[in-house]
Amino acid sequence: MSNKPSQMYGGQAVVEGVMFGGRNYSVTAIRRKNNNIEYYELPNKESTPLKVLKKVPFLRGIIALIQSAANGSKHLNFSTERFDVEPEEEPQQEESNTVNLTMIVGVALVGVLSLIFGKVLFTALPAFLADILFGKLVPNQFFNNLIEGAIKILILFGYIMAISQAPFIKRLFQYHGAEHKVINAYEAGEELTVNNVRSYSRYHYRCGSSFMILTVIIGVIIYSLFNYYISPYESIWDRVLQRLALIPVVVGVSYEALRLTNRVRNIAVLKWLGVPGVWLQYLTTKEPDNAQIEVSIAAFKRMSELDSNKNPAVASLR
């Protein structure tokens, strides 16, 4: 790759592998127990109205988040089911490429519901704690909103630090680092080899970790403006309900802010806007080994191959 590519790609770590999403396909590559790399290739099918909505600023962030949860659940389900299957346990009959629609929809629905539940809990619990613990001590709603934001960050960091102690999660974070390294190498116009990719950073401005931090910071701003100019909260339940109602607004604005921080990351002063998200990635990514980088490169190359072919071979939907 001699020129810097203009196409932006994203991905996620899965069990013993990496998923990358392209314009037409999303592809997961995993390392099987027999050391082979296996792929899961899923075509991106969108209705015309959905394509239109994804171009609308602020609304596109909500659509992207829901789609990411649904699509990511399918790939995570594949990796969970396949990575530890012994070769001798493989089904004897030839597997059909026909997708079990019920299973796919079910997995996607669970992913979306888990996202909604997690977002509601992460939004409501800090608001509740800030009011119960500091409501009388700090009655000013602006400063109490700052405390709410600090509680969110403490919960987020504490949760990630706790789960990162498990060896399984550490490997997942290593694949997360491998995903970022490949994206950084690609965006630099580098040839994707293990040696080349290894030298790139495991941090990336467009990461979901950065998005989480941005929702906390922007949430404090939006809640404070809403409470000052529109409606101060009158009780703890009023406060919690306001936060839940404003989730779509916070998500939409945070998504646009994430896009902005990525565009200005090479400008000396403005690049600091994305730094808090990179700090969180210190916890959510780990340095991968060469084998993990190889899997990440394989997923990206297969995705690129399918994206560049207008009539690709039938995808492997296992």
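Numbers at a glance
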| read-out | value |
| --- | --- |
| Residues that are buried (at least 24 other Cβ atoms within 10 Å of the Cβ) and not in a helix (DSSP H, G or I), drawn from the stretch 203-222 | 204, 207 |
| Among residues of the stretch 20-33, those that are over 11 Å from residue 302 (Cβ atoms) and part of a strand (DSSP E or B), counted | 3 |
| Only one of 249, 197 that is part of a helix (DSSP H, G or I), among the hydrophobic types (A, V, I, L, M, F, W, C) and closer than 18 Å to residue 120 by Cβ | 249 |
| Out of 316, 308, sole residue that is touching a Phe, Trp or Tyr at 6+ places or on another chain (Cβ under 8 Å), over 28 Å from residue 119 (Cβ atoms), modelled with pLDDT under 90 and of a type in the set (Gly, Ala, Ser) | 316 |
| Residue within the stretch 153-162 that is touching a helix residue (DSSP H, G or I) at 6+ places or on another chain (Cβ under 6 Å), of a type in the set (Ser, Thr, Tyr) and either more than 26 Å from residue 271 (Cβ to Cβ) or at pLDDT below 90 (or both) present | no |
| Evaluation of residue 179 against (1) free of Cβ contacts under 8 Å to residues at least 24 places away in the same chain; (2) over 26 Å from residue 244 (Cα atoms); (3) of a type in the set (D, E, K, R) (one fails), failing number | (1) |
| Criterion violated by residue 168 - all others in (1) more than 27 Å from residue 206 (Cβ to Cβ); (2) loosely packed, with under 14 Cβ neighbours inside 10 Å satisfied | (1) |
| Any chance residue 158 is among the small types (Gly, Ala, Ser) and over 29 Å from residue 224 (Cβ atoms) | no |
| Residue match in the stretch 99-122 (condition: closer than 25 Å to residue 260 by Cα, surrounded by 15 or more Cβ atoms within 10 Å (Cβ to Cβ) and modelled with pLDDT of 85 or more) | yes |
| Selection from the stretch 1-24 of residues that are closer than 14 Å to residue 206 by Cα and either modelled with pLDDT of 90 or more or touching a Gly at 6+ places or on another chain (Cβ under 9 Å) (or both) | 7, 9, 10, 11, 12, 20, 21 |
| Breaking point among (1) in a loop (DSSP other than H, G, I, E, B); (2) surrounded by fewer than 19 Cβ atoms within 10 Å (Cβ to Cβ); (3) under 21 Å from the mean Cα position of the chain (by Cα), for residue 190 | (3) |
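The values are calculated or read from the model by the stated rules, or taken from the named source; none is laboratory data. From a predicted model like this one, the values you see are computed outputs, not experimental measurements. Positions of Cβ are backbone-derived with ideal geometry, glycine not excepted, and every protein chain shown enters the neighbour counts.
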